[in-house]
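Peer 1: One structure is given below, represented as structure tokens, and several questions about it will come after.
Values in this text are rule-based calculations from the coordinates and carry no lab data. Because the structure is a prediction, the values reported are computed rather than measured. Positions of Cβ are backbone-derived with ideal geometry, glycine not excepted, and every protein chain shown enters the neighbour counts.
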Amino acid sequence: MARPAFPHIPWSALPGREHGPRVLGINPWITDFAAFNVWSRPAGLLACLDMLRTAGASVALLDCLAPTWLADPEQGLKWPKPGKYGTGHYPKEEIEPPAPLAFMDRRFSRYGLPRDRVVEALAALDPIPDAVLVTTIMTYWYPGALDILDICAELWPDTPRFLGGTYATLCGEHATEHANAHLQQGPLERPDNWSRFWELIDFDMPQQADKNGLSLSLDLYGNPAYSIVLGSRGCPFSCEYCASNALYPRFRQGAAKAVMAGIQSEYDRGVRDFAFYDDALLVNPDRWLWPVLDEIAASPMNLRLHTPNAMHIRHLTPDVCARLKAAGLTTVRLGLETTDFDHRHDVKLTREQWEDGARNLLSAGFALDDIGVYILFGLPGQDLGNVERAVQHVRAYGFRPHLAHYTPIPGSPMFDTACTASPYPLKDEPLFQNNSIWPCVPGGFNWDEAKRWKLLLHGERR
């Protein structure tokens with residue numbers, strides 16, 4: 001029986017702008033030892049596509065990590081059923097690990113849409129693109145991006161290809177050597193990136209409407225199980241393990257009206273789960289967050305809000321917790337990091353602030369099952385006994401502890417320390433920046449220790 005024809009990737013343009021350049025955005029597969037969808041969306045790529053469409057381009061999106069318009073039973077494509085809030089597993093295909101990671105005793109897979117079907121979808125694209133934008137969310141996921149770029153180069157050798165995102169921005173030398181594309185380092189709204197893009201695709205440069213990169217082309221997803229909210233980019237803090245300032249040097253916040261319009265538009269399409277993508281959600285909340293939450297609370301909208309990026313605990317006053325609860329916050333994630341309050345690598349937090357924040361959440365009506373607490377694991381030189389004590393401390397409150405495995409990120413203040421502590425050449429090969437190998441833990445990943453930590457997180461001991 002012949003396989004059904006593959007559906008076409010649709011082009012989208014603003015009314016009257018159908019004759020502008022055609023720009024295809026691609027979010028590649030994940031290639032890793034493990035992957036789980038926690039409201040994942042390529043926010044940077046969606047911001048680029050929105051800017052370009054507003055400027056007169058026709059845009060299209062192929063997200064290899066989302067079923068979107070490919071979730072059609074008649075196409076024979078099976079996607080794992082999402083959980084009650086839209087998160088869940090990806091389909092996966094086991095593949096050979098890259099040579100540098102062959103020492104790991106773990107299965108390595110390509111997560112997302114089947115590769116052959118992606119090739120078919122791209123080959124069927126009509127008309128063909130005038131430019132291709134490929135993003136990279138993690139530095140060590142670059143093999144999927146390189147694969148996609150090679151596919152596009154074979155299909156459309158004369159079409160300019162651009163590689164952006166975390167890998168292109170933070171691992172520029174490696175990307176220059178290995179990627180068959182022009183590098184876009186940093187946000188597209190940066191004047192030099194904006195002018196260079198139009199020059200390389202040989203189109204007259206239009207005026208740039210959005211200089212904050214906060215508007216996202218979320219409508220390019222068909223029948224989405226969830227959506228995201230982005231009210232700011234960058235972060236006003238400089239945590240040692242984080243590279244946010246290297247990716248977005250300026251902290252920019254949007255306007256409440258625009259954020260609310262985006263939520264309303266997605267809600268009208270049937271979306272009920274929204275994840276905040278802000279790194280500093282509770283900073284300057286009068287700017288946009290309070291007006292948005294107050295409008296949601298006063299409306300008949302029945303939605304659920306989620307904070308996968310974690311909130312700063314010291315901001316969780318009784319009023320803040322009450323506003324969050326009234327607006328529908330459902331998944332609460334907190335960035336505790338450690339209970340060694342005198343030696344922190346992130347924003348200063350006292351024990352009193354932690355205890356007050358925890359108490360205020362419960363007083364506002366959040367259930368214990370709603371609240372997860374991130375604890376850093378695998379920092380260079382870290383005393384893992386402190387991590388164990390932090391896990392026990394969080395469990396004593398009744399909250400769920402989650403290990404946030406340390407990723408050595410180029411551009412972060414701690415990266416040089418990580419390079420010294422790790423036995424792997426972190427600067428030379430981004431694959432070794434993968435937190436799944438525990439790159440800065442003496443001895444690296446091993447199954448016995450992984451099982452021991454899993455038992456500790458669930459309150460069990462061997």
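Peer 1: In terms of Cα to Cα distance under 22 Å, which lysines are near enough to Lys92, apart from those fewer than 8 places away along the same chain?
Peer 2: The reachable lysines, counting only those whose Cα sits under 22 Å from Lys92, are Lys78, Lys81, Lys84.
Peer 1: In the chain, what cysteines have no partner Cβ closer than 4.7 Å?
Peer 2: For the chain, the answer is Cys48, Cys64, Cys152, Cys171, Cys235, Cys321, Cys419, Cys440, because their Cβ atoms have no other cysteine Cβ under 4.7 Å.
Peer 1: Fully extended, how many nm does the chain gain between Asp204 and Thr420 (0.36 nm per residue separation, minus their Cα-Cα distance)? List each step's numbers first, then the result.
Peer 2: On the way: separation 216, 0.36 × 216 = 77.76 nm, distance 4.75 nm.
Extra length from Asp204 to Thr420 when fully extended: 73.0 nm.
Peer 1: Name the residues whose placed amide hydrogens come within less than 5 Å of the amide hydrogen of Ile95, ignoring near sequence neighbours (fewer than 5 apart) on the same chain.
Peer 2: The answer is Phe108, Ser109, Arg110.
Peer 1: For the charge dipole of the range 226-457, defined by +1 on Lys and Arg C-beta atoms and -1 on Asp and Glu C-beta atoms about the Cα centroid, which residue among Tyr226, Cys440, Gly378 has the Cα displaced farthest towards the positive pole?
Peer 2: Tyr226
Peer 1: Moving to a separate point now. If I fit a long axis through the Cα atoms of helix 289-298 and take the longest principal axis of the Cα atoms of the chain, what angle between them do I get, 0 to 90°, rounded to 10?
Peer 2: 90 degrees
Peer 1: Another question, then. Can you give me the angle between helix 142-155 and the longest principal axis of the chain, using Cα atoms only, in degrees from 0 to 90, rounded to the nearest 10?
Peer 2: Value to nearest ten degrees: 10.
Peer 1: So, one more: Looking at the chain, what % of its DSSP beta bridges pair antiparallel, to the nearest 5?
Peer 2: Details: 10 of 45 bridges.
Rounded to the nearest five, the antiparallel share is 20 percent.
Peer 1: Which far-off residues, 5 or more places away or on another chain, put their amide H under 5 Å from the one on Ile228, with H placed in the peptide plane?
Peer 2: When sequence neighbours closer than 5 places are left aside, the close amide H contacts are Ala275.
Peer 1: Take Ser299, project a point 7 Å from its Cα along the Cβ direction, then tell me which residues of the range 206-246 have their backbone nitrogen under 15 Å from it.
Peer 2: Those under the cut-off are 227-231.
Peer 1: Moving on. Pull out the extension gain between Glu177 and Ala34, defined as 0.36 nm times the separation in residues minus the alpha carbon to alpha carbon distance; nm, one decimal.
Peer 2: On the way: separation 143, 0.36 × 143 = 51.48 nm, distance 2.69 nm.
Residue separation times 0.36 nm, minus the Cα-Cα distance, leaves 48.8 nm.
Peer 1: Only one of the listed values, [x] 153; [y] 167; [z] 184, was derived from the coordinates as volume of the Cα convex hull per residue in Å³; which label is it?
Peer 2: From the options [x] 153; [y] 167; [z] 184, the structure gives [x].
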